[in-house]
Amino acid sequence: MSGGFLSQVNDAFDTAARFTRHDPTLLEQIKSCNAVYYVSFPIRRDNGTIEVIHAWRAEHSQHKLPTKGGIRYAPDVSDDEVQALAALMTYKCAIVDVPFGGAKGGVKIDRRQYSEGELERITRRYTFELVRKRFIGPGIDVPAPDYGTSAKEMAWIADTYATIQNGELDALACVTAKPLAQGGIRGRTEATGRGVYYGLRETCDNAEEMQRLGLAPGLEGKRVIVQGLGNVGTYAAKFLADAGALVVAIAEYNGAIHDPRGIDVDAAVAYKKEKGTLLGFPGATDIARGIDALELPCDILVPAALEHQITGENAPRIQAKIIAEAANGPTTPEADVVFAQKGTLILPDVWLNAGGVIVSYFEWVKNLSHVRFGRMQKRHEEESLRRLLGAIEGATTKRFSASEVQTITEGATEEDLVYSGLEESMVVSYHQLREVRNRHGVDKLSLRTAAMVSAIDKVAQSYLDMGIFP
Ligand code: NAD
């Protein structure tokens, strides 16, 4: 692959910028990373030895505050990678109208090599370093999970921040995807996978789009391959299977399984948890090299592991008609070229995996307002609807059964409202991207470039509104 991840993101930016008419200085400001913090610190391992940990936080664009983006724990984290991922966050937030700038953090460790106690020490020290340099805070920069981190690390971050910033009323809004009891929000854990599902459902329901690909409309019966059975991959697979799609293969770093009749996702997750591998899953065929599974027959390929999994080398052999980029940067520019020639539709990461940041935004709003969504209006809505049903019964011969009354009058819970907001954001942004692409011509603009054009236009508008640029 030519260039690093950051130059790949910047090339995508430059391609899209050619479809806009913004001043070159403004474009340079949008593309540049505003701030990068690199830190190294020692931690004591359980065996008494000392190890130096290397970590980063990049704030790509402070045109809106706070900046927002996950923290990744991976052995190959680098300055280039966090800057690339932070830039993607800026564009992602703009595309789905979440009022944040983009950021990303990374700690250069393979988490499998560390005990829970060691991970806690690393996470708390990293948080301390972020506080020290003002790279975290409810109005400054708000992290979330990414590859190799989860709600547990977010809980340590929130606790460390709140301890240092003793008495800060909005302290819990310093990080999102926290456990519920620590100010988390219902629906955040599955949000990215759920957003991937909404995005795919909306795409597959579009008859015109499906006709171009030679596919029947709807998710029902579509064959899906998922790479990476982690947070995003698991939930995407589950929701797609619930909607009638067939998950025919699942790939992990240590092998894949294939069953053209469809794999029971819950059973595969339980199996992997128990055995540490998918290999040997009852009823499925083992594939020793996980990456080979991406080339099996299917309609939709969902890369949900890491970047650069689909390259110029394997793209020609990939049979999927739709590449649903659940992971960040899974498709290299060389692979993009191959897919453009083959007429494969790529649903770009900057849009498709935005579910996490959308629901993180809801969590941040909840933390700042200090009240659970739905708490104030649920009972009031239910009572109003009950009175309405009573009025209908009074004016007609209709009599509602107890179960009808229950279904019709049920007020929205926090989870209902989160899902509703997520679905609305994914559906509206999908139609915006299609509109931008179709305006320029389906053959001229990929959905990835359309997404970047949309992002550039929106960020540019913020700067223009500030009156700084011509
Ligand atoms: P995760 O750590 O929960 O899961 C990643 C999974 O991929 C793990 O099961 C891991 O074993 C597997 N994996 C690693 N290398 C692999 C390989 N070579 N082949 C197959 N499987 C492999 O991480 P996640 O949070 O699910 O993130 C996955 C991707 O989605 C990342 O690119 C991340 O940046 C992106 N993403 C995550 C979120 C989120 O909310 N978690 C939001 C947006 C984007």
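For the reader, a short list of remarks on this structure follows.
- Helices (runs of 4 or more DSSP H) contained in segment 190-268 and holding at least 2 residues within 15 Å of the ligand (Cβ to nearest atom) and surrounded by fewer than 22 Cβ atoms within 10 Å (Cβ to Cβ): 231-242
- Restricting segment 292-317 to residues that are without any contact (Cβ under 8 Å) to a residue 60 or more places away in the chain and surrounded by fewer than 22 Cβ atoms within 10 Å (Cβ to Cβ) leaves a set whose member that is farthest from the ligand (Cβ to nearest atom) is Pro316.
- Among the residues listed as Thr277, Thr331, the single one being farther than 30 Å from Phe13 by Cβ, without any contact (Cβ under 8 Å) to a residue 60 or more places away in the chain and among the β-branched types (Val, Ile, Thr): Thr277
- Among the residues making up segment 38-58, those that are open to solvent by 10 Å² or more (accessible area, probe 1.4 Å) and within 21 Å of Ser7 (Cβ to Cβ) are Tyr38, Trp56.
- Remark: Lys366 falls outside the filter, which requires a residue to be assigned to a loop (DSSP other than H, G, I, E, B) and either at pLDDT 95 or above or open to solvent by 80 Å² or more (accessible area, probe 1.4 Å) (or both).
- Test set (1) open to solvent by 60 Å² or more (accessible area, probe 1.4 Å); (2) within 30 Å of Gly184 (Cβ to Cβ) - Glu435 fails condition number: (2)
- Test: residue in segment 128-142 that is at pLDDT 95 or above, surrounded by fewer than 24 Cβ atoms within 10 Å (Cβ to Cβ), acidic (Asp, Glu) and over 22 Å from the mean Cα position of the chain (by Cα): yes
- Of everything listed in (1) open to solvent by less than 40 Å² (accessible area, probe 1.4 Å); (2) within 20 Å of the chain's Cα centre (by Cα), the single unmet condition for Tyr147 is (1).
- Screening Thr20 against (1) open to solvent by 40 Å² or more (accessible area, probe 1.4 Å); (2) part of a loop (DSSP other than H, G, I, E, B) leaves a single unmet condition, (1).
- So Ala249, is it farther than 23 Å from Gly187 by Cα, of a type in the set (A, V, I, L, M) and touching a helix residue (DSSP H, G or I) at 6+ places or on another chain (Cβ under 6 Å): yes
- The residues of segment 157-189 that are surrounded by fewer than 22 Cβ atoms within 10 Å (Cβ to Cβ) and outside any loop (DSSP other than H, G, I, E, B), listed by number, are Asp159, Ala162, Thr163, Ile164, Ala171, Leu180, Ala181, Gln182.
The values are calculated or read from the model by the stated rules, or taken from the named source; none is laboratory data. Fair warning: this is a prediction, and the values are worked out from it, not measured in the lab. Note: ideal-geometry Cβ built from the backbone for every residue, glycine included; neighbour counts use all protein chains shown. Heads up: the accessible areas ignore ligands, DNA and RNA and are worked out on the full protein's heavy atoms, side chains in. Shrake-Rupley method; radii C 1.70, N 1.55, O 1.52, S 1.80 Å.
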